[in-house]
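Only one structure is covered here, and it is reproduced in the block below.
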Amino acid sequence: MIDAVARERITCAQTQARAGLDSVYARVAVNDADRPPRRHAPPHVGRERDRLGDVARREVDLDHELRLDVGVHRHAWTIALALLVTGCQADLGDVDNAFFTWDARKVHCAVDLDASARNSLASIDTGLDRAKERGEVLELYAHHPGVTLSWSTIEHVLAGAQERGLAFLTYADLVHGAAPGPGLLLSFDDSWVDAWTQGRPLFQQYGARVTFFIAYYPRFTDGEKTELRELAGDGHDVEAHTISHQRGPAYVEAHGLRAYLDDEVVPSIELLRDDGYEVTTFAYPFGSRTAETDRAILRHVSQLRSVSFAISGIDESPCPY
């Protein structure tokens, strides 16, 4: 069995190397010591998304134009298919840092539900089972229902949580002292408010409350802002996810920590607060974080959300636990 696991990890690593893929989330070391920016460069919004090597990543949270332009990057998706064939998936129930154990952590980690992450329904069920059996909270996230994942997958998760008696929790609940017990923390990232609004009947059917981490808020139309207020009125949580979805450590490396806070982090928090949202939590784009950014952002919010992986042998998880 040990040999089989070793062969699987080698196969995954070899496939990644042939594809020319780098580590998506941990391109910058996840716990760099405090340091000044290595260089001074003019801001270039979206520069991280200009790298073709990133297109094949499991994280499909890209800018609007790139997200829908599958044909141009057909070769990248062929690489992603090759990764799928190698069968590198681990069981979600074994991913310890995807479970909140009611400790004092400030940095949470969630597992991607999007189809590109290849977390099977059976694996998700194992995670839900663990949450029930151990009194833990499973943390999951996704992006664009109907595009990056199916509504049937979302319903499977909601129904599974309900059947197991898991509490539907939000990140604000944790800040306000929710009673310990088995639960599900489900969140959606970015700006897909129209799609999330379509899910209101489904959320209501299962009594689900979720968290929406908002990026691109200055681009929202009045209609989208109205929809977001309606979702909040249903009991869902609205939290911050930067202004233009920059990869934090890379932005700090190029422009300095103060610029990252002033350009991306603090405005995303304050704009939402100005519109009446409490904002207790900040989610890192791509989960990319350092101890330095953690300390700085925790001066503005109570907790942070990074990401964890349920696939072995591909990327180093940025999760600190």
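We did not get these values from a lab; they are worked out from the coordinates using the rules stated. These figures come from a predicted structure and were not determined experimentally. Note that we place each Cβ from the backbone using ideal geometry, even for glycine, and neighbour counts take in every protein chain shown.
If the chain between Val147 and Asp274 were fully stretched, how many nm would it gain, using 0.36 nm times the residue separation less the Cα-Cα distance?
Extra length from Val147 to Asp274 when fully extended: 42.6 nm.
Mind sorting Phe220, Phe168 by how few other Cβ atoms lie within 10 Å of their own Cβ, fewest first?
Ranked by crowding around the Cβ, least crowded first: Phe220, Phe168.
So, with +1 on the Cβ of K and R and -1 on the Cβ of D and E, and no other charges, what is the size of the charge dipole of the range 163-218 about its Cα centre, to the nearest 20 debye?
Once rounded to the nearest 20, the dipole reads 180 debye.
Gln204: net charge of surrounding residues, Cβ under 14 Å, Lys/Arg +1, Asp/Glu -1, itself excluded?
-1
Under 13 Å from the Cβ of Tyr321, count the other residues' Cβ atoms, weight Lys and Arg +1, Asp and Glu -1, and hand me the total.
-1
Once fully extended, how much extra length lies between Arg299 and Asp234, figured as 0.36 nm per residue of separation less the alpha-carbon to alpha-carbon distance?
Full-extension gain reported as 20.5 nm.
Can you work out ³J(HN,Hα) from phi for every residue in the range 183-193, in order, using Karplus 6.51 cos²θ - 1.76 cosθ + 1.60 and θ = phi - 60°, giving whole Hz and x for Gly and Pro?
Here the 3J(HN,Hα) series is x, 10, 10, 10, 10, 10, 10, 4, 9, 8, 5 Hz.
Tell me which residues come under 5 Å, amide H to amide H, from His245 once H is placed; ignore anything under 5 positions away on its chain.
Tyr216
Roughly what percent of Cα-Cα pairs across the range 92-308 reach past 25 Å?
35 percent
Using the scaling law 2.2 N^0.38 Å as the reference, what is the normalised Cα Rg of the range 192-321?
Against the compact-globule rule of thumb, the ratio is 1.11.
Provide the gained length on full extension for the span Asp222 to Ala179, in nm with one decimal, where the gain is 0.36 nm per separating residue minus the Cα-Cα distance.
Roughly 11.9 nm would be gained on extension.
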